[in-house]
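Undergrad: Have a look at this one before I ask anything.
The values are calculated or read from the model by the stated rules, or taken from the named source; none is laboratory data. Note that the structure is predicted; figures quoted are calculated from it, not measured. So basically every Cβ, Gly included, is an ideal-geometry build from the backbone, and we count neighbours across all protein chains shown.
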Amino acid sequence: MKAIVCPRYGGPEVLEFRDVPMPAPAVDEVRVKVMATSVTSGDSRMRAARFPPGLGLIARPFLGWRGPRQPILGTEVAGVVDAVGAGVTRYRPGDAVMAFPGGAMGCHAEYRCVAEAGPIAPKPEGLSFAKAATLCFGGSTALHFLDVAAVAPGDRVLVIGASGAVGSALVQLARHRGAHITAVCSARNADLVRDLGAEAVIDYATTDFLGDPGAYNVIVETAGSITTRDALPLLRPYGRFVAIAAGLPDMLATIGAPGREGRRVIAGPATETPEHVQQLADLAASGVLRPVVDGSYAFDAIAAAHAYVDTGRKRGSVAILLDPAAQG
Ligand SMILES: NC(=O)c1ccc[n+]([C@@H]2O[C@H](COP(=O)([O-])OP(=O)(O)OC[C@H]3O[C@@H](n4cnc5c(N)ncnc54)[C@H](OP(=O)(O)O)[C@@H]3O)[C@@H](O)[C@H]2O)c1
């Protein structure tokens, strides 16, 4: 099969369109013929070894010294089951599915095997393969941090980086929980985030949002633009600063007892669960979660998609189409 291989860390030009062995499903696995996948900020970071501040030396022994240990990047897919292991009971060839191998990656390929009890769910009818293939990276991260931060009805939530893959999911899902959302983004994305459910929008280029002490129950930072020191004064008592794009200093701030008046910092990798995938499929099927797809690229043009994601300016997600019909 064809796959996009990242043999070493570097710019988008290191990616190679190669023939690799076709995977065979294990007894408990389904093999998905990939219709669409995505290039996420995670793929871009991994390809470039652009790890959050302070984490490079910690990450490389696990993820690979000179290049990714898993050379086929890609965290999420949507496609059609084309083969199943002997023990599989829930899926049959021909089923349309979405899957989120997440940190295990390996999705930038024509086929990807996934355990039937793993991060896979039927694709919602009415959702294109391209949209289904972009639900999980941002969506699963948003679900994880909304749960850990216990976002509740009436909470005033500031989402910094509201127009990205994680931010656009967060705005919608926090709003669905009954929170009041203030979104931070640039002026060109103001209408988008309002449409997703933000009641107030702050343009970070023209407005200093650090001058509003005690305004929020929860601050979610996906752009890496403010630190714990900036965020804590903006929180109400028992407020939570969720540093999704955190480097080592914010992660260290999570250790120990809550700070003054119960304020605390939440950071670290999001937990990826099979339940998230089914939850996201259900939320999309019911119209609560609308995937924001910035644009799509052909499989053999994936380097151009990486170059765009590298800019840090994408809106929502970028889809990769292995079959033109995936656009839907
Ligand atoms: N902890 C975890 O487990 C976890 C999981 C997933 C992702 N992450 C991290 O979370 C971060 C966000 O991921 P993502 O996929 O959502 O990124 P993304 O889609 O690439 O984010 C792009 C968006 O960020 C906005 N942006 C850029 N600079 C900004 C600023 N200073 N203030 C506000 N918005 C800004 C851009 O809007 P404008 O063009 O309008 O500026 C753009 O829409 C990444 O650092 C990623 O590594 C962490």
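Undergrad: Give the number of residues within segment 256-295 that are of a type in the set (Gly, Ala, Ser), within 15 Å of the ligand (Cβ to nearest atom) and either free of Cβ contacts under 8 Å to residues at least 40 places away in the same chain or not in a loop (DSSP other than H, G, I, E, B) (or both).
TA: 3
Undergrad: Of all residues in segment 296-328 being acidic (Asp, Glu) and assigned to a helix (DSSP H, G or I), which is nearest to the chain's Cα centre (by Cα)?
TA: Among them, the one singled out is 310.
Undergrad: For segment 162-188, enumerate the residues that are crowded, with 24+ Cβ neighbours inside 10 Å and within 6 Å of the ligand (Cβ to nearest atom).
TA: Within segment 162-188, 163, 164, 165, 166, 167, 184, 185 meet the criteria.
Undergrad: May I pose another question? Please work out which one of (1) under 21 Å from residue 9 (Cβ atoms); (2) crowded, with 19+ Cβ neighbours inside 10 Å; (3) not aromatic (Phe, Trp, Tyr) is the condition residue 284 fails and give its number.
TA: (1)
Undergrad: Note down all Cβ pairs under 8 Å where the first residue falls in segment 178-198 and is touching a residue at least 40 places away in the same chain (Cβ under 8 Å), the second is in a helix (DSSP H, G or I) and away from the ligand (no atom under 12 Å from the Cβ), and they're at least six residues apart or on different chains.
TA: Sorted first by the residue in segment 178-198, then by its partner, the pairs are 196/172; 196/175.
Undergrad: Also: Tell me, yes or no, whether segment 246-265 has at least one residue that is at pLDDT below 95, closer than 30 Å to residue 131 by Cβ and of a type outside the set (Ser, Thr, Tyr).
TA: yes
Undergrad: Is it the case that some residue within segment 241-255 is of a type in the set (Ser, Thr, Tyr), surrounded by fewer than 15 Cβ atoms within 10 Å (Cβ to Cβ) and within 13 Å of the ligand (Cβ to nearest atom)?
TA: No: segment 241-255 contains no residue that is of a type in the set (Ser, Thr, Tyr), surrounded by fewer than 15 Cβ atoms within 10 Å (Cβ to Cβ) and within 13 Å of the ligand (Cβ to nearest atom).
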